[in-house]
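First the structure, in the form of structure tokens, and then the observations on it.
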Ligand code: IPE
Ligand code: IPE
Ligand code: MG
């Protein structure tokens with residue numbers, strides 16, 4: 001029996017890795033790579049709706065990235081603040097709803113205000129949900145969700161915990177892409193990655209583009225997602241073409 005054709009991924013998540021190496025290869029400061037990375041993100045956001053993607057979740061700054069040199073951390077905060085200020089009008093024009101996932105308590109007042117304003121300005125947009133994981137870690141996500149449930153006296157089950165996680169408005173990603181030739185999750189979406197298809201590319205994030213995205217989508221289309229079933233079961237079930245719900 002041949003593998004059934006897969007629908008396209010509705011929700012893609014990306015570990016945008018390789019900015020520093022992209023800059024070093026050009027004898028530029030690492031921060032130049034991060035700036036170039038913002039341009040790549042703009043291109044990929046633009047490329048999602050025509051490809052049927054309704055949610056894009058990107059890893060921009062991890063809980064562990066505080067361990068980097070102070071000037072790089074400060075530079076990343078500045079790039080975020082600047083990118084938000086510059087890009088909100090474009091996001092509005094393109095119908096993109098932006099949301100920030102991660103711990104905000106230890107961000108500066110300026111950055112926090114920027115995140116809140118960008119979210120408020122795009123809240124009613126529907127063409128794409130862009131989740132930017134900033135000061136995010138999968139362990140933080142799970143531990144803080146569990147702590148909230150415990151504080152409310154709610155029983156901790158898979159369902160109640162899932163509903164408390166930062167990405168609950170979108171559901172789990174179908175496809176996780178990591179650029180930069182590393183094969184690890186680095187504390188990204190640990191819970192939500194349970195059944196995502198994983199795709200790794202050598203390309204450094206600033207070099208990733210629409211054709212690289214298409215290559216990932218092509219690879220996704222060749223996979224059979226079984227969720228524990230046998231290949232034949234999946235093939236039979238998909239013959240009845242069960243329509244999937246959009247994640248957002
Ligand atoms: C990813 O690129 C961006 C962040 C982690 C903020 P890196 O800065 O990790 O780039 P490499 O891996 O050092 O090349
Ligand atoms: C993961 O990249 C975090 C982001 C892309 C924001 P890192 O470059 O920080 O990951 P490690 O340290 O190589 O695992
Ligand atoms: Mg890296």
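Bear in mind that the values in this text are calculations on the coordinates, not laboratory data. Please read all numbers here as calculations on a predicted model, not as lab measurements. All Cβ positions, glycine included, derive from the backbone under ideal geometry; neighbour counts span all protein chains shown.
Structure notes:
- P(r) for the stretch 1-151, from all Cα pairs and a bin width of 10 Å, is 10, 36, 35, 15, 4, 1 %, short bins first.
- Fluctuation leader among 80, 190, 91 - the chain, Gaussian network, Cα springs under 10 angstrom: 190
- Label zone of residue 193 (point 7 Å out along Cα→Cβ, amide N under 19 Å): in the stretch 89-111 this covers 101-103.
- Likely footprinting exposure, 24, 63, fewest C-beta neighbours within 10 Å first: 24, 63
- For the pair residue 226 and residue 169, the difference between a 0.36 nm per residue extended length and the Cα-Cα distance amounts to 18.1 nm.
- GNM top mover of 25, 112, 183 - the chain, alpha-carbon springs below 10 Å: 25
- Fluctuation leader among 200, 27, 100 - the chain, Gaussian network, Cα springs under 10 angstrom: 27
- At R0 = 22 Å, FRET efficiency that the Cβ-Cβ distance of residue 112 and residue 139 yields, to 0.05: 0.50
- The mean of 1/r over all pairs of different alpha-carbon atoms in the stretch 11-245, once inverted, gives a Kirkwood hydrodynamic radius of 18.9 Å.
- The order of 15, 123, 38, 73, going from fewest to most other C-beta atoms within 10 Å of their C-beta, is 123, 73, 38, 15.
- At R0 = 25 Å, FRET efficiency that the Cβ-Cβ distance of residue 209 and residue 8 yields, to 0.05: 0.85
- When 141, 17, 39 are arranged by Cβ crowding within 10 Å, least crowded first, meaning fewest neighbours, the order is 39, 17, 141.
- Whole-angstrom gap from the stretch 16-41 to the stretch 76-138, using each part's C-alpha centre: 20
- Whole-number percent relative contact order across the chain, with pairs defined as alpha carbons under 8 Å at least 6 apart: 30
- With a simple spin-label model that places each label point 7 Å from the Cα along the Cα-to-Cβ direction, the separation between residue 156 and residue 233 comes to 2.9 nm.
- Using the Cβ-Cβ distance between residue 103 and residue 126 with R0 = 30 Å, the FRET efficiency computed as 1/(1 + (r/R0)^6) comes to roughly 0.65.
- Inter-label distance, nm, simple model (7 Å from Cα along the C-beta direction), residue 27/residue 86: 2.5
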